[in-house]
Structures are given as C-alpha cells and as structure tokens.
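Written below as structure tokens is the structure these notes are about.
The values are calculated or read from the model by the stated rules, or taken from the named source; none is laboratory data. Here the structure is a predicted model, which means the values were calculated and not measured. FYI the Cβ positions are ideal-geometry reconstructions off the backbone, even for glycines, and counts take in every protein chain you see.
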C-alpha cells in the first residue's frame, strides 16, 4: 500500500500549496483552457481520471472528477487500469499529470480506448522531454527517482510495486513511438510542446515563486520565441488522441 499512501500524501500537500499560491491557480486555469479547446463534442461524459485536488471544474464545470482516493471533492472512484465506464460510453477522458505515473501505459490506454465512443478523445497533459525538460526533470523536480529508467508497456499490477513516476514516458510513448504502438487504434489530433516559462518560474506546487520578478510581457515574448524550438525549450506537452473505430482487437 506504500504507493497509494504516497499518492494521497502528495495530493494533500498539493492542495495546501494550491490554496496559498494564487499564481498557481492562474497558471493551471490556462492549462485547463488549452485542454478544453480540444474536447470532443460526441455525446457522453467528460471524465478526468486521476483528478488529484480536483481543480479542473473551474474551467470544465461538467467534468466528472475521479481518482482512486475517495476525497470529498471527487465525484467517483476510478482506477485507470480498471475503468468502470461502460464500453463506448464516454466522450472525453482527461489525464492531467497522470501519464508519467503509469507504470504500464498501454494497459491504461486499452481501458481508455474501451470506454470512449468512436470519435471520443483522450486528452493528455504531461512533461515534455526537450533539452530543458531533461535538465528540469532530472535535477529540479521532486519526482526524480524513476526518471529515464527502462520502462514497461504492459504488466501485471501489484499493489506493493511502489510509487512510480517517470517524466520521460509521455514523450517516449506518445510522441516517439506513437505510430508503432498506437497508430492503429488512435488518431493523433494534436501534439503541443511548449516552454511553460511562467509555470517554471512559479516553482510549481512546491518551489519558490519567482514569476512576479519577471515582467509578464517578457514572459509572453519568451514563450513565443522558445515555442519555435520545442526540442530545446519545451517543459510541458499536450497530446490529443481520438479513438478510431474498433477493428475487433486491442492495442
């Protein structure tokens, strides 16, 4: 149970930081607006899996917030490896800062594919692996234990497998190996990689906030310029996958 305890501990810490860092709330509202622009309009629920502190409803009020922990703000419990949604019932599934915690990502994507309707979308927000992203994730972020270790695609989940995090996995699976691993079941609608300068300066949940020291116009100009070289400067990424009609086989 150590992995579950660690996740819940981090959720509680994040909520405390969220409540006392207004800049963080502004930044994440912008992130959520980016995701909301890509949501499918096919009928069905929009579900966030792994909602953490549940802040997405500030931007997507109809979103169903789920997690493996029954916190007061969570609408229902869901496990990404064993989703309760009926087959082809869901319009959108959102994974916000969840993918890097998936020790067996293809098993989780199987579940999302099963639950989504044809034309439904899986919208993923996670870490990007540019040169800056490599430095940031390996030296600066608190989740460094599993970074760039050999990774698995499928496996048998064990409750005692320990807390898992690898910031490189979204880039490795969803960008570099998309055609090989996912191209027959998903259409990639969008792949956005951006520097997220204000987020980095804010220190995220746990770090010291330096965002007020730099004028906003300089941050905006830096974002525009560095967005032209995502291989160098991207820290965050959005990947939007649309479910293709099933051909009777899994991933």
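Across the stretch 58-74, the number of residues qualifying as more than 21 Å from residue 12 (Cβ to Cβ) and part of a loop (DSSP other than H, G, I, E, B) comes to 5. In the stretch 31-40, the qualifying residues are those that are part of a loop (DSSP other than H, G, I, E, B) and in contact (Cβ under 8 Å) with a residue 40 or more places away in the chain, and the one that is nearest to residue 88 (Cα to Cα) is 40. Among the residues of the stretch 215-244, those that are touching a helix residue (DSSP H, G or I) at 6+ places or on another chain (Cβ under 6 Å) and either part of a helix (DSSP H, G or I) or surrounded by fewer than 19 Cβ atoms within 10 Å (Cβ to Cβ) (or both) comprise 219, 222, 223, 226, 232, 233. Taken over the stretch 13-32, residues that are within 20 Å of residue 126 (Cα to Cα) and more than 14 Å from the chain's Cα centre (by Cα) amount to 12.
Taken over the stretch 14-28, the residue count meeting the criterion of being touching a residue at least 24 places away in the same chain (Cβ under 8 Å) and either loosely packed, with under 14 Cβ neighbours inside 10 Å or in contact with a strand residue (DSSP E or B) (Cβ under 6 Å, 6 or more places away or on another chain) (or both) is 1. Taken over the stretch 41-57, the criterion of being surrounded by 13 or more Cβ atoms within 10 Å (Cβ to Cβ) and either more than 17 Å from the chain's Cα centre (by Cα) or part of a strand (DSSP E or B) (or both) is satisfied by 42, 44, 45, 46, 47, 48, 49. Kindly provide the set of residues from the stretch 90-115 that are in contact with a strand residue (DSSP E or B) (Cβ under 7 Å, 6 or more places away or on another chain) and assigned to a loop (DSSP other than H, G, I, E, B), ordered by number. Passing the criteria: 97, 98.
Yes or no, residue by residue, for (1) more than 16 Å from residue 236 (Cβ to Cβ); (2) in contact with a helix residue (DSSP H, G or I) (Cβ under 8 Å, 6 or more places away or on another chain); (3) buried (at least 17 other Cβ atoms within 10 Å of the Cβ); (4) modelled with pLDDT under 95:
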| position | (1), (2), (3), (4) |
| --- | --- |
| 70 | yes, no, no, yes |
| 87 | yes, yes, no, no |
| 91 | yes, no, yes, no |
| 94 | no, yes, yes, no |
| 112 | yes, no, yes, no |
| 115 | yes, no, yes, no |
| 120 | yes, no, yes, no |
| 146 | yes, no, yes, yes |
| 149 | yes, no, no, yes |
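Taken together, 65, 29 contain a single residue that is touching a helix residue (DSSP H, G or I) at 6+ places or on another chain (Cβ under 8 Å) and over 27 Å from residue 163 (Cβ atoms), which is 29.
In the stretch 195-208, is there at least one residue being touching a residue at least 60 places away in the same chain (Cβ under 8 Å) and surrounded by fewer than 13 Cβ atoms within 10 Å (Cβ to Cβ)? Looking for residues that are touching a residue at least 60 places away in the same chain (Cβ under 8 Å) and surrounded by fewer than 13 Cβ atoms within 10 Å (Cβ to Cβ), one finds at least one in the stretch 195-208, hence yes.
Among the residues that make up the stretch 172-183, is at least one of them modelled with pLDDT under 95, assigned to a loop (DSSP other than H, G, I, E, B) and at negative phi? No, there is no match, as no residue in the stretch 172-183 is modelled with pLDDT under 95, assigned to a loop (DSSP other than H, G, I, E, B) and at negative phi.
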